[in-house]
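The values are calculated or read from the model by the stated rules, or taken from the named source; none is laboratory data. Given the structure is predicted, the values throughout are model-derived calculations rather than measurements. Here the Cβ positions follow ideal geometry from the backbone for every residue, glycine too, while neighbour counts run over all protein chains shown.
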Amino acid sequence: MAERAAFREMKQGTAEDWAVIGRDYREFARGLPDRVLTHLKLLDGDFGGFPVCRLEHSLQTATRAHRDGRAEDYVVMALLHDMGDTLGSYNHPEVAAAILKPFVSEELHWICQNHGAFQGYYYFHFLGMDQNAREQFRDHPHFEACREFCEKYDQAAFDPDYASEPLEFFEPMVRRVMAKPITSAYAKAIAEE
Ligand SMILES: [Fe+2]
Ligand SMILES: [Fe+2]
């Protein structure tokens, strides 16, 4: 049987307990890219009335960013920006942003977290909402970067005839970007394996 910590309440924990948990955690953390890719596949075949399914939209957003010469971390953000659709039905950008946060720059995190309001420029007015919701961020340093992400890649990625790269094409990128956290309270522990 796998080694387990002995405590019944955390306040009884010992250094030995935490050595056991620490070893398991490092192994578990290494599996994150696989879990992310597995979760992304849940979007396959989920059209929600759109011309392409949510997985194809994700692949197309990432493919367009890649073919436009974007860096690998940007492409991975583009690939994952809607992965929260399954569990964050009312706040999907925040789900993907939280998962990406340890691995990307503050700017890429911001783009992901706020793309919903910027994407709304293309459809909120059809739903009785404020098309200019993004204006609340007008003076933010990342306004233009987020506007550009939505204009060039996100809102443009609903073409059923576009030849997107398959998920396998992006898998190595996801693994590289998620190999090591750059901002996380646990980053130091991971680095010391
Ligand atoms: Fe989105
Ligand atoms: Fe999207």
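Of ALA185, ALA156, ALA163, ALA117, all but one fail to be among the small types (Gly, Ala, Ser) and either under 18 Å from the mean Cα position of the chain (by Cα) or assigned to a helix (DSSP H, G or I) (or both); the exception is ALA117. Listed by first and then second residue, the pairs linking a residue in region 171-186 that is on the phi < 0 side of the Ramachandran plot to a residue that is of a type in the set (D, E, K, R) and modelled with pLDDT of 90 or more, with Cβ atoms under 7 Å apart and 6 or more places separating them unless they lie on different chains, are MET173/GLU72; ARG176/GLU72; VAL177/GLU72; VAL177/ASP73; THR183/LYS101.
The residues of region 27-56 that are touching a helix residue (DSSP H, G or I) at 6+ places or on another chain (Cβ under 8 Å), touching a residue at least 60 places away in the same chain (Cβ under 8 Å) and closer than 20 Å to VAL95 by Cβ, listed by number, are ALA29, PRO33, VAL36, LEU37, LEU40, LYS41, PHE50, LEU55. Per the conditions (1) surrounded by 14 or more Cβ atoms within 10 Å (Cβ to Cβ); (2) more than 17 Å from LEU43 (Cβ to Cβ), the sole criterion not satisfied by PHE158 is (2). Filtered by the rule that a residue be of a type in the set (Gly, Ala, Ser) and either within 13 Å of ligand 2 (Cβ to nearest atom) or within 20 Å of PRO51 (Cα to Cα) (or both), region 112-164 gives GLY116, ALA117, GLY120, ALA156, ALA157, ALA163, SER164. Within region 78-90, the residues that satisfy the criterion of being within 14 Å of ligand 2 (Cβ to nearest atom) and either free of Cβ contacts under 8 Å to residues at least 60 places away in the same chain or in contact with a Ser or Thr (Cβ under 6 Å, 6 or more places away or on another chain) (or both) are ALA78, LEU79, ASP82, MET83, GLY84, ASP85, THR86, GLY88. Looking at region 112-131, is at least one residue within 16 Å of ligand 1 (Cβ to nearest atom), surrounded by fewer than 17 Cβ atoms within 10 Å (Cβ to Cβ) and closer than 25 Å to ASP44 by Cβ? Checked region 112-131: at least one residue is within 16 Å of ligand 1 (Cβ to nearest atom), surrounded by fewer than 17 Cβ atoms within 10 Å (Cβ to Cβ) and closer than 25 Å to ASP44 by Cβ. Of the helices (runs of 4 or more DSSP H) lying entirely inside region 1-109, not one contains at least 1 residues that are modelled with pLDDT under 95, within 13 Å of ligand 1 (Cβ to nearest atom) and of a type in the set (A, V, I, L, M, F, W, C).
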